[in-house]
There are 2 protein chains.
Amino acid sequence: MKLTSKGRYAVMALADIAKFDAIGPVSLRDISLRQGISILYLEQIFLKLKKHNIVNSIRGINGGYTLIKNPENLKLSDIFKAVDEKVKTVSCNKNSKKGCNGKSNKCITHNLWDELEIHINTFFEKRSLRDLVNNNK
Amino acid sequence: MKLTSKGRYAVMALADIAKFDAIGPVSLRDISLRQGISILYLEQIFLKLKKHNIVNSIRGINGGYTLIKNPENLKLSDIFKAVDEKVKTVSCNKNSKKGCNGKSNKCITHNLWDELEIHINTFFEKRSLRDLVNNNK
DNA sequence: GAATACTTGACTAATTTAGTCGGGTATATA
DNA sequence: TATATACCCGACTAAATTAGTCAAGTATTC
């Protein structure tokens, strides 16, 4: 079981913005320098964050990104959802005849994975970006 | 984030044994047939389960595997541990100068990942193999 | 002694992930 | 209005991981 860095980076970058956006939009260049994340990779991540209405972008010379919600209303689960970070319940194949097909012939672990997924989601839903930033001050 | 099938297979196979070992040791061949898992892959998994004292093996013509503990004392966390299924807190590199080095310069997500790991482990520690088998009867 | 079933390490193919590249477009400011 | 900055976007690549196979055993029972 593994957590990908895409989700981690997204959280780090947004926390960075939360810290510094009093002055104005925060550029990926700055985030990259402060957090040590490749700027090209950040671009990819922010594309998704923008599509999911987590950040606004401002183009041009003093441009950058700003948070749409304020940090206490931004749940970590929203962030992970935006960058496709999710628990995969792995290969309960709908068309297979033996093993679990996700319907009547439920494999014994099927419910377990479902429960775990809920368990983890709850964890991230209880935490906002503000919680994170505060914890690390 | 992803759960591998190795862990899932291990749980399925052990649950299968729990169901059928009243008669005697359960062979991988039988598990393979009932659960639809490749027998060669099962061999790999059971090597690890044996090394971690979760199953006993009996060779020869009526051989197979038996559980060492009874199902109510076998925690799912033990099973996952045995087959190397674990939450990875990803790349907080001890020697990197920028970003998180796991020591003083903790990245903002570091604690979060630690907490999540504990959260998930707790989930699996609260569940025994018996719980699983019962739920699906 | 033959069949069955566990033992073990090495190998391979497929998938996923992390990260890069190239070529854009928009905008502020000098 | 030129230009530098910074966002936009799709395609690509390399590395790592995972799922699963192969080959060549050894032990045990009937």
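Residues in the range B:7-20 that are charged (D, E, K, R) and surrounded by 16 or more Cβ atoms within 10 Å (Cβ to Cβ): 2 in all. Taking B:LYS106 as the residue in question, decide whether it is of a type in the set (Lys, Arg) and either near DNA strand C (Cβ under 10 Å from one of its atoms) or at pLDDT 85 or above (or both). Taking the combined requirement at face value, the residue does not satisfy it. Of all the listed residues (A:THR66, A:THR4), the sole one being over 15 Å from the mean Cα position of the chain (by Cα), under 24 Å from A:ASP131 (Cβ atoms) and either within 13 Å of chain B (Cβ to nearest Cβ) or hydroxyl-bearing (Ser, Thr, Tyr) (or both) is A:THR66.
Scanning the range B:8-44 for residues that are in contact with a helix residue (DSSP H, G or I) (Cβ under 8 Å, 6 or more places away or on another chain), within 14 Å of chain A (Cβ to nearest Cβ) and within 11 Å of DNA strand C (Cβ to nearest atom), we see that the one that is nearest to B:ARG130 (Cα to Cα) is B:ILE17. Given the condition more than 10 Å from DNA strand D (Cβ to nearest atom) and more than 26 Å from A:GLU117 (Cα to Cα), answer yes or no: does some residue in the range A:68-75 qualify? Looking for residues that are more than 10 Å from DNA strand D (Cβ to nearest atom) and more than 26 Å from A:GLU117 (Cα to Cα), one finds at least one in the range A:68-75, hence yes.
Does A:TYR9 meet the test of being within 11 Å of A:VAL83 (Cβ to Cβ), touching a residue at least 12 places away in the same chain (Cβ under 8 Å) and within 18 Å of the chain's Cα centre (by Cα)? When the stated conditions are applied, A:TYR9 passes them.
Of the residues screened, A:LEU28 is not one that is of a type outside the set (Asp, Glu), under 28 Å from B:ASN121 (Cα atoms) and at pLDDT 95 or above.
From the list A:LEU33, A:LEU42, the one residue that fits, being at pLDDT 95 or above, hydrophobic (A, V, I, L, M, F, W, C) and farther than 30 Å from B:VAL83 by Cβ, is A:LEU42. Being charged (D, E, K, R), in a helix (DSSP H, G or I) and touching a residue at least 60 places away in the same chain (Cβ under 8 Å), is that true of even one residue in the range A:13-28? Yes, there is a match, as at least one residue in the range A:13-28 is charged (D, E, K, R), in a helix (DSSP H, G or I) and touching a residue at least 60 places away in the same chain (Cβ under 8 Å).
The values are calculated or read from the model by the stated rules, or taken from the named source; none is laboratory data. For clarity, every value in this text was computed on a predicted model and none was experimentally measured. Here the Cβ is made from the backbone with ideal geometry for all residues, glycine too, and neighbour counts use every protein chain on show.
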